[in-house]
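In what follows, a single structure is set out as structure tokens and then discussed.
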Amino acid sequence: DLLPIAFGLDPNYPNPFDLVTTVTYTLPEAVHVRLTIFDAFGRLIATLAEEHQPAGRYRVNFMADALASGVYIYSLEAGAFKIRRTMLLVR
């Protein structure tokens with residue numbers, strides 16, 4: 001398997017989603033990773049990853065069974081790389 005050449009945060013799948021969605025991201029080098037979910041008001045809802053990870057491709061499932069319908073933001077901080085995307089929870 002080839003290592004990724006760039007940092008990346010893919011769109012979650014499925015989106016919109018009902019109960020579970022998958023977040024995939026890539027790391028071209030070993031870095032400290034923080035993958036978090038926020039509500040539309042900027043409140044932290046969940047931390048999906050908070051650790052030093054080697055280079056590679058990662059897939060994390062997010063279970064939203066206790067959350068209300070709405071827009072949520074997921075954020076990846078990997079070293080100096082930072083990106084945010086939105087997901088839509090529909091009940």
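The values are calculated or read from the model by the stated rules, or taken from the named source; none is laboratory data. All figures in this text were calculated on a predicted structure; none of them were measured in a lab. Quick reminder, even Gly has a Cβ in these numbers, built from the backbone with ideal geometry, and neighbours come from all protein chains shown. We work out accessible area using only protein heavy atoms, side chains counted, and drop any ligands, DNA or RNA first. Shrake-Rupley method; radii C 1.70, N 1.55, O 1.52, S 1.80 Å.
Taking the Cα centre as origin and putting +1 on Lys and Arg beta-carbons and -1 on Asp and Glu beta-carbons, what dipole magnitude results for the stretch 21-91, to the nearest 20 debye?
Charge dipole of the stretch 21-91: 220 debye, to the nearest 20.
Starting from 0.36 nm per residue, how many nanometres of slack lie between V60 and A46 once their C-alpha separation is accounted for?
Working: separation 14, 0.36 × 14 = 5.04 nm, distance 1.22 nm.
Full extension from V60 to A46 adds 3.8 nm.
What accessible area per residue comes out for the chain, rounded to a whole number of Å², with a 1.4 Å probe? Intermediate values should be presented prior to the final figure.
Working: 5400 Å² over 91 residues.
Accessible surface, normalised per residue, equals 59 Å².
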(message) Test of understanding: in a Gaussian network model of the chain with alpha carbons linked when under 10 Å, which of D39, D18, D65 would top the mean-square fluctuation ranking?
(response) D65
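If DNA, RNA and ligands are ignored and the probe is 1.4 Å, what is the ranking of R34, R43 by accessible area, most exposed first?
Details: R34 70, R43 140 Å².
Per-residue accessible area, sorted high to low, gives R43, R34.
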(message) I'd like to know which of Y72, F62, L9 lies farthest towards the positive end of the charge dipole of the chain, counting +1 on Cβ of Lys and Arg and -1 on Cβ of Asp and Glu.
(response) Y72
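So how much slack lies between V71 and V20, counting 0.36 nm per residue of separation and subtracting their Cα-Cα distance, in nm?
On the way: separation 51, 0.36 × 51 = 18.36 nm, distance 1.42 nm.
Full-extension gain reported as 16.9 nm.
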(request) Answer with a single label: of [x] -0.60; [y] -0.67; [z] -0.54, which was calculated as log10 I(q)/I(0) by the Debye sum over Cα atoms at q = 0.15 Å⁻¹ from the structure in view? (result) [z]
(message) How far apart, in nanometres, would the label points at F38 and Y13 be if each is projected 7 angstrom from Cα along the Cα-to-Cβ direction?
(response) 2.7
(request) Can you send over the carbon and sulfur percentage of the accessible area for the chain, probe radius 1.4 Å, protein chains only? (result) 56
